Amino acid sequence: MSFMMENFWTKLQPGAFALAPMEDVTDSVFRELVMSVSCAGKLHLLFTEFTSVDGLCHPTGRKAVIHRFQVTDSERTLINRLKIKLIAQIWGSDPEKFYQASRIIADDFKFDGIDINMGCPVGKVIKQNTCSALIGQHELALEIIDAVSKGSGLPVSVKTRTGIKVHQTEQWIGQLLQSGLSAITLHARTQKMQSLYPAEWDQVALAVKVKNGINPTIKIIGNGDVDSWEQGTELMNKTGADGVMVGRGIFANPWIFSGEEREREIHEKTDLLEKHISLFDKTWGSSRNFSILKRFFKIYVNGFNGAAAFRAELMGTQNAGEALRAIEKFRFVSSGNPDYSSQSAL
Ligand SMILES: Cc1cc2nc3c(=O)[nH]c(=O)nc-3n(C[C@H](O)[C@H](O)[C@H](O)COP(=O)(O)O)c2cc1C
């Protein structure tokens, strides 16, 4: 077992909350948006979308993936204000590529750490012997962790699952803990379970027990089905995890880290939607497809009379200007109309 230097993971206070890495979701825009309605001390860790080391190491491929590491100045301001750590997540299979990619990350960007994806269950990535296909490949996994650590000099973490077909938590986490990593995020499902079945948090408790027996300074972050601050805190207390990671729960409630659990008013939802569209437009312009934004509309436009029709109108828009005009129209039509008040929410 390697000796671990002090870093932000070793200093992480108990009760940490993380927003999960999510492809086409947790870009600079969405991270900023979530931070804009979060309160200091309620959100501690952010991750980029997963980014291919093969892409990063290839001159043309890099152009296709590099936006995943973009951090705008306004996002950086919020990161600093809320004292959040931002971690780059990468995936691949070849330790040499991990080494090169990690050097690039350390030289060209300002991330606090690097996370290695050993959890994605999607067929096209596991066919390449990457992500959750690495589960149980003890030697290759350790080589990769070592390559990232040497290439970047940054703290390294791994996000993984409990096994391939059945839980192998004890053995797999035990193997990972033999490396020089600083933290493990355990998504409490096997590869086979994808996200179709409830997360099994007793596996997180088991992982905590294993790491306490091997190296208590390494952090365990539990992940799976967390949809409120209270529930996350309860799960940490129950399992002994150092933190929890929120994935799809953010779609039901972007205010999860705000410190205020209540149903939001319609104007709060539409204001945040407007901010999201404007920020997306300002940050990406036409360089990214506007339709990426459409998956977010349901987050804000739900739970009130007229929501379905408003959403349908938004879904028909072709660009940011049209979507912003649809919001203006909704505000105009609904002003003074009692049907749109939160009291009559569906
Ligand atoms: C749209 C989407 C994209 C995702 N992309 C990534 C990714 O890039 N990297 C990763 O490690 N996990 C990714 N995940 C998995 C989540 O990080 C998380 O582990 C999973 O959703 C389980 O947490 P939850 O039950 O809270 O949603 C993604 C999940 C979703 C829904």
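The values are calculated or read from the model by the stated rules, or taken from the named source; none is laboratory data. Computed from a predicted structure; not experimentally measured. Positions of Cβ are backbone-derived with ideal geometry, glycine not excepted, and every protein chain shown enters the neighbour counts.
Would you check if Lys150 is basic (Lys, Arg) and either more than 27 Å from Trp201 (Cβ to Cβ) or over 23 Å from the mean Cα position of the chain (by Cα) (or both)? Taking the combined requirement at face value, the residue satisfies it.
Would it be correct to say that Thr10 is in the same structural domain as Lys159 (by TED's automatic domain parsing) and out of contact with any His (no Cβ under 8 Å at 6 or more places or on another chain)?
no
For residues that are away from the ligand (no atom under 11 Å from the Cβ), aliphatic (A, V, I, L, M) and in a helix (DSSP H, G or I), tally how many sit in the range 236-256. Step through it out loud before you land on a result.
Step one: filter the range 236-256 for residues away from the ligand (no atom under 11 Å from the Cβ), giving 236-243, 253-255.
Adding the requirement that they be aliphatic (A, V, I, L, M) leaves 236, 241.
Retained after the next criterion (residues that are in a helix (DSSP H, G or I)): 236.
Going through the range 236-256 one residue at a time, the tally reaches 1.
Within the range 20-31, none of the residues are free of Cβ contacts under 8 Å to residues at least 12 places away in the same chain, part of a helix (DSSP H, G or I) and either among the aromatic types (Phe, Trp, Tyr) or within 16 Å of the ligand (Cβ to nearest atom) (or both).
Would you mind stating whether Gln178 is over 24 Å from Thr233 (Cβ atoms), in the same structural domain as Gly113 (by TED's automatic domain parsing) and surrounded by fewer than 18 Cβ atoms within 10 Å (Cβ to Cβ)? Spell out how you get there, then give the answer.
Working: over 24 Å from Thr233 (Cβ atoms): yes; in the same structural domain as Gly113 (by TED's automatic domain parsing): yes; surrounded by fewer than 18 Cβ atoms within 10 Å (Cβ to Cβ): yes.
Yes: the conditions hold for Gln178.
Pairs linking a residue in the range 148-169 that is within 16 Å of the ligand (Cβ to nearest atom) to a residue that is in a loop (DSSP other than H, G, I, E, B) and of a type in the set (Lys, Arg), with Cβ atoms under 6 Å and 6 or more positions apart or on different chains, are Arg161/Arg189.
Output the residue which, of all residues in the range 257-293 that are in contact (Cβ under 8 Å) with a residue 60 or more places away in the chain and within 15 Å of the ligand (Cβ to nearest atom), is nearest to Trp201 (Cα to Cα). Among those that are in contact (Cβ under 8 Å) with a residue 60 or more places away in the chain and within 15 Å of the ligand (Cβ to nearest atom), it is Phe257. Can you run down the residue pairs with Cβ atoms below 9 Å, 6 or more apart or on separate chains, where the first is in the range 233-249 and within 21 Å of Leu86 (Cβ to Cβ) and the partner is more than 15 Å from the ligand (Cβ to nearest atom) and aromatic (Phe, Trp, Tyr)? Within 9 Å, the pairs are Asp242/Trp9.
Taking the range 33-95 as the region of interest, the helices (runs of 4 or more DSSP H) fully inside it that hold 1 or more residues being of a type in the set (Asp, Glu) and more than 14 Å from the ligand (Cβ to nearest atom) are 53-57, 73-82.
Matching residues to (1) crowded, with 23+ Cβ neighbours inside 10 Å; (2) farther than 28 Å from Glu6 by Cα:
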| site | (1), (2) |
| --- | --- |
| Thr48 | yes, no |
| Thr77 | no, no |
| Tyr99 | no, no |
| Gly113 | yes, no |
| Met118 | yes, no |
| Pro121 | no, yes |
| Val125 | no, yes |
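Considering Gly259, Gly247, Gly224, Gly285, the condition of being among the small types (Gly, Ala, Ser), under 21 Å from Asp24 (Cα atoms) and touching a Lys or Arg at 6+ places or on another chain (Cβ under 7 Å) is satisfied by Gly224 alone.
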